[in-house]
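Enquirer: Got a structure here, written out as structure tokens. Questions coming.
The values are calculated or read from the model by the stated rules, or taken from the named source; none is laboratory data. In this text, all values refer to a predicted model and were calculated from it rather than measured experimentally. Note: ideal-geometry Cβ built from the backbone for every residue, glycine included; neighbour counts use all protein chains shown. Each accessible area value is taken on the protein alone, full model and side chains, heavy atoms only, with ligands, DNA and RNA left out. Shrake-Rupley method; radii C 1.70, N 1.55, O 1.52, S 1.80 Å.
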Amino acid sequence: MTTATGTNPHSTSNSDHAALAGKFNKDELRVDWHDKTLWFIRKKRDKAAWQIPEWEELREIASQIKNNVLSNLRTYLLEFEEKAQKNGITVHWASDAEEHNKIVYDILSRAGINKVVKSKSMLTEECHLNEYLATKGVEVIDTDLGERIVQLAGEPPSHIVLPCIHWKKEEIGQLFSEHLGTPEGNSDPQFLTAAARIHLRQHFMSSKLAITGVNFAVAETGEFVVCTNEGNADLGVQLADIHIACMGIEKIIPKRKHLGVFLRLLARSATGQPITTYSSHFRRPRKGQTMHIVLVDNGRSERLGSPDFRSALKCIRCGACMNTCPVYRRSGGHSYHYAIAGPIGAILAPGLDMKKHADLPFASTLCGSCTNVCPVKIDIHDQLYRWRQVLTQNGHVGFLKQSGIKGMAAVLSSYKIYQFAGSAGRWLLKYLPFSVNNRFNAWYKQREMPKAPDQSFGDWYKGNRKKKVEKIEN
Amino acid sequence: MNSRETILERLGKNSPQDSPLPALPVAGSGMPDPVEKFKTILESIGGTVVHVSTWQEIKVYLNQYFSTKARWINGVPELTRVDDAINFGVDPHQFENVLLTILRGHFGVAENGAVWITDDKMGDRALPFICEHLAVIINSKDIYHTMHEAYDHTDHSEYDFGTFIAGPSKTADIEQSLVLGAHGPKSMTVFLLSES
């Protein structure tokens, strides 16, 4: 089978971010291409944002609405539940991923259904719903084109908005010829999309149950909004007898009018579009249809109690932080070995399992670009930094890294040691270059070591100052 | 305790101090002609905008651009051409072979080219999504500047299902190449009607 990056990194997750990134970095041309593609999307985001004179004000308003949501999550959820039930929607509560999966399967099995169409939902990725349903003999068809591509390849998505951003069209052509019977060698995006349309239309037409995610749920009215460009969520839901919408409890917003703020920000931040093609508001099921909502906690209520990390719950899953991240762009989504990659994934994942995701907060240069583009103003890079402290305090940072940082602290806090280390370094680079130009030095990988200067800035300054003083005296 | 109670209790315990809701921006202040903006934006995302001043013009346009031999579903009483008796309440799967759906929208939004359509004007909720081509009619005076204005005008409206549609269904999942017609309509035509 064709795969762009090899085997499923989530299931073979003994490797950390650096090792998985190393694998991705072996193909230099692909890395350059990946980097440029995502930067192109980041630039489209900028262009879209600049068209809105009140953009920064909007970000601030969105951030404040989300802060209000975090303070009143309990009240809003209860209000939402009451209104949704009045609207004829069945509301379920799941405290963790396992319970969420069981609730979904229970609805399926009671209806005697063993095939579902599913539109994009990061929550179901987080809960590993597909894998769970597969063990129960249920066929899940991901209907977003990008998600279908990675599903056929047996991979998880590598980006929350652009699931197959790491795949080249030739590879997709090959994959489709294996799975959908398209002619070999045809890799025209127009042609491949048309083939996928025909393939997925058959599944839309024959599926009695549709699962969707939720972008926003409104406490005031009990309605929820699902955004797509392809129309796959709508097509699935409107043709199915049963609709299950799965949402994290943080997706609540207080009032309908607040949708205006978030819908202005979401697509512009994500892809630079003014809005997604479809922003569908589901309030009541159609005649003869059953509608379920599963409200999922899975660590969220716990995180709410942490002043340092709670604001990550404000995320609206636009992916802007990934598109701008110099590390994500050059290491690929799979190197994060978590359902949500990039900077936001790196601050969400350790909250769920500190040990398993201890490497992720270190996969950052702390440049802060993620924080600058975040439409709800999450302090992502500050949280990355804070996670590093927490991880070290809890013993989740390796001996080598710890002693390296301690050594660095000793050098930088003493003038004498610092001076000695500087001259020793210059001497080594000059006379024994092989002592640093080797595979034990992580910095040397993909980089050339700098040429050693003859003297330090300190020495140079001293010398020049002396000359200058002499000159003035003369 | 069941999960609902456990979650609610933890939320009650862990919620931070109240943080007030902000005021929203003033809708559409000082913006230029919304009709021109709407047209420019919708066309830039793959939609077609047609100015008309009579219903007859819409009929002529549709007959010219869409095969009259194929199946059309018309949800607009003012347009008389109805090939297919509108037989709503039936199985939505039977709309799979619809070439053209014609619907009445409530209004358009200038900043993003979206049109607001609710289920009472859809006949069947599947119709705007399952057809090959979608045509929507709005009054040219019903175009708002921003989404804030849009929500202000629908705050008390009752609908069971409503959607903003901005252009044809699309995807760029294959190497960021934009392809129109992912799963839903391959084209969207919006008629801006200015009846004198």
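Enquirer: Looking only at region A:254-268, decide whether some residue is within 11 Å of chain B (Cβ to nearest Cβ), in contact (Cβ under 8 Å) with a residue 60 or more places away in the chain and open to solvent by 20 Å² or more (accessible area, probe 1.4 Å).
Expert: no
Enquirer: Pull up region A:74-96, narrow it to residues that are of a type in the set (A, V, I, L, M) and either out of contact with any strand residue (DSSP E or B) (no Cβ under 7 Å at 6 or more places or on another chain) or part of a strand (DSSP E or B) (or both), then point me to the one that is surrounded by the fewest Cβ atoms within 10 Å (Cβ to Cβ).
Expert: A:Leu78
Enquirer: State whether the residues of region A:181-188 include one that is out of contact with any His (no Cβ under 9 Å at 6 or more places or on another chain), part of a helix (DSSP H, G or I) and within 14 Å of chain B (Cβ to nearest Cβ).
Expert: no
Enquirer: Residue by residue through region A:166-180, note down the ones that are open to solvent by less than 10 Å² (accessible area, probe 1.4 Å) and not in a helix (DSSP H, G or I).
Expert: A:His166, A:Trp167
Enquirer: While we're on this one: Output yes when any residue across region A:228-240 is more than 30 Å from A:Ile103 (Cα to Cα) and open to solvent by 10 Å² or more (accessible area, probe 1.4 Å), and no when none is.
Expert: Within region A:228-240, not a single residue is more than 30 Å from A:Ile103 (Cα to Cα) and open to solvent by 10 Å² or more (accessible area, probe 1.4 Å).
Enquirer: Scan region A:139-157 for residues that are part of a loop (DSSP other than H, G, I, E, B) and either among the β-branched types (Val, Ile, Thr) or more than 12 Å from every other protein chain (Cβ to nearest Cβ) (or both) and jot them down.
Expert: Across region A:139-157, the qualifying residues are A:Thr143, A:Ala153, A:Gly154, A:Glu155, A:Pro156.
Enquirer: Would you be able to tell me the number of residues in region B:54-95 that are open to solvent by 30 Å² or more (accessible area, probe 1.4 Å), among the aromatic types (Phe, Trp, Tyr) and either touching a strand residue (DSSP E or B) at 6+ places or on another chain (Cβ under 7 Å) or modelled with pLDDT of 90 or more (or both)?
Expert: 3
Enquirer: Would you please name the residue that is farthest from the other protein chains (Cβ to nearest Cβ), looking only at residues in region B:42-53 that are under 16 Å from B:Asp142 (Cβ atoms) and open to solvent by less than 30 Å² (accessible area, probe 1.4 Å)?
Expert: B:Val52
Enquirer: Which count do you get for residues in region B:153-166 that are facing another protein chain (nearest Cβ under 7 Å) and either touching a residue at least 24 places away in the same chain (Cβ under 8 Å) or more than 20 Å from B:Pro25 (Cβ to Cβ) (or both)?
Expert: Selection size over region B:153-166: 8.
Enquirer: Could you check region B:25-41 and list, in sequence order, the residues that are open to solvent by 50 Å² or more (accessible area, probe 1.4 Å) and within 18 Å of A:Ile61 (Cα to Cα)?
Expert: Within region B:25-41, B:Val26, B:Ser29 meet the criteria.
Enquirer: Now a separate question. Inside region A:47-73, can you point out the residues that are away from chain B (no Cβ under 11 Å) and either free of Cβ contacts under 8 Å to residues at least 12 places away in the same chain or open to solvent by 20 Å² or more (accessible area, probe 1.4 Å) (or both)?
Expert: Of everything in region A:47-73, those that are away from chain B (no Cβ under 11 Å) and either free of Cβ contacts under 8 Å to residues at least 12 places away in the same chain or open to solvent by 20 Å² or more (accessible area, probe 1.4 Å) (or both) turn out to be A:Lys47, A:Trp50, A:Glu56.
Enquirer: Now, a different point. Scan A:Leu265, A:Leu259, A:Leu235 and give me the residue that is within 21 Å of A:Leu73 (Cα to Cα) and assigned to a helix (DSSP H, G or I).
Expert: None of the others qualify; the one that does is A:Leu259.
Enquirer: From (1) assigned to a helix (DSSP H, G or I); (2) in contact with a Cys (Cβ under 8 Å, 6 or more places away or on another chain), pick out the condition that doesn't hold for B:Asp120.
Expert: Only one criterion is unmet by B:Asp120, namely (2).
Enquirer: Where in region A:335-415 are there helices (runs of 4 or more DSSP H), lying wholly inside it, with at least 2 residues that are over 18 Å from A:Ser15 (Cα atoms), outside the structural domain of A:Ala270 (by TED's automatic domain parsing) and open to solvent by less than 10 Å² (accessible area, probe 1.4 Å)?
Expert: Here the list reads A:342-352, A:380-393.
Enquirer: Among what's in region B:133-152 and is touching a Phe, Trp or Tyr at 6+ places or on another chain (Cβ under 9 Å) and free of Cβ contacts under 8 Å to residues at least 40 places away in the same chain, pick the residue that is least open to solvent (accessible area, probe 1.4 Å).
Expert: Only one residue tops the list, namely B:Met147.
Enquirer: Based on this model, can you work out whether A:Lys401 counts as in contact (Cβ under 8 Å) with a residue 24 or more places away in the chain and of a type outside the set (Ser, Thr, Tyr)?
Expert: yes
Enquirer: Within region A:103-121, how many residues turn out to be assigned to a loop (DSSP other than H, G, I, E, B) and not polar (S, T, N, Q)?
Expert: So the answer is 4.
Enquirer: Among (1) open to solvent by 10 Å² or more (accessible area, probe 1.4 Å); (2) in a strand (DSSP E or B), where does B:Glu158 come up short?
Expert: Exception for B:Glu158: condition (2).
Enquirer: Of all residues in region A:355-374, how many are in contact with a Leu (Cβ under 8 Å, 6 or more places away or on another chain) and among the polar types (S, T, N, Q)?
Expert: The total comes to 1.
Enquirer: Given the criteria assigned by TED's automatic domain parsing to the domain that holds A:Val294, of a type in the set (Gly, Ala, Ser) and open to solvent by 10 Å² or more (accessible area, probe 1.4 Å), does A:Gly185 qualify?
Expert: Against the criterion (assigned by TED's automatic domain parsing to the domain that holds A:Val294, of a type in the set (Gly, Ala, Ser) and open to solvent by 10 Å² or more (accessible area, probe 1.4 Å)), A:Gly185 does not qualify.
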